[in-house]
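Comments concern the structure below.
Just so it is clear, none of the values below were taken in a lab; they were calculated from the coordinates. Note that the structure is predicted; figures quoted are calculated from it, not measured.
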Amino acid sequence: MARHRAASLVAVLGLTLMTLAACGDSSSSSSNTTTGGGGGVTVPASSSGTTVNVVVGDTKGTDGPMTLTATPSSVPAGDVTFTVKNTGTIDHEMVVLKTDTAFDQLAVGGSEPDKVDESANIGETGDPALKPGETRSFTIKAMEAGKYVLVCNIAKHYGMGMRAPFTVT
């Protein structure tokens with residue numbers, strides 16, 4: 001009887017470990033990390049909180065319009081996971097900036113030509129940039145109420161329309 005219970009316990013533990021290992025499979029092409037402040041601390045993405053789907057794209061590289069769309073564009077304060085998909089033809093990224101400046105009024109060229117200042121960066125897709133067709137997720141823990149701007153800050157992309165307002169309530 002005791003031997004049967006021990007065997008059952010071993011079987012349950014084995015299944016639990018196999019399930020946990022499958023959840024941690026690193027063969028996926030997406031990265032589930034948070035990079036704060038442009039390269040600081042990295043933490044696993046959260047399964048709780050709110051998810052925002054962001055689509056970044058272009059039609060003809062730098063020879064056509066570019067877009068960055070977030071759904072939803074407003075979320076409650078707390079953990080926020082951004083899932084970013086590049087539907088374009090060239091590399092893109094997504095940076096979250098905390099700022100009261102209007103999303104289409106950020107100064108370009110202050111610290112780097114054809115880019116906006118990233119000193120207000122609280123999270124991003126990280127390096128390398130997203131290749132066409134690639135999706136990557138990251139979570140910003142305890143995101144505070146306020147105004148934000150989502151941008152692709154590869155040179156010239158912000159100026160070509162890759163920006164969106166974002167609000168945390």
**OP:** Kindly write out, for region 94-100 in residue order, the coupling ³J(HN,Hα) from the Karplus curve 6.51 cos²θ - 1.76 cosθ + 1.60 (θ = phi - 60°), rounded to whole Hz, with x marking Gly and Pro.
**Re:** 9, 10, 9, 10, 8, 7, 8
**OP:** Answer rounded, prolate or oblate for region 66-160, using the Cα gyration tensor with square roots of eigenvalues a ≥ b ≥ c: rounded when a/c is under 1.5, else prolate when a/b is larger than b/c, else oblate.
**Re:** oblate
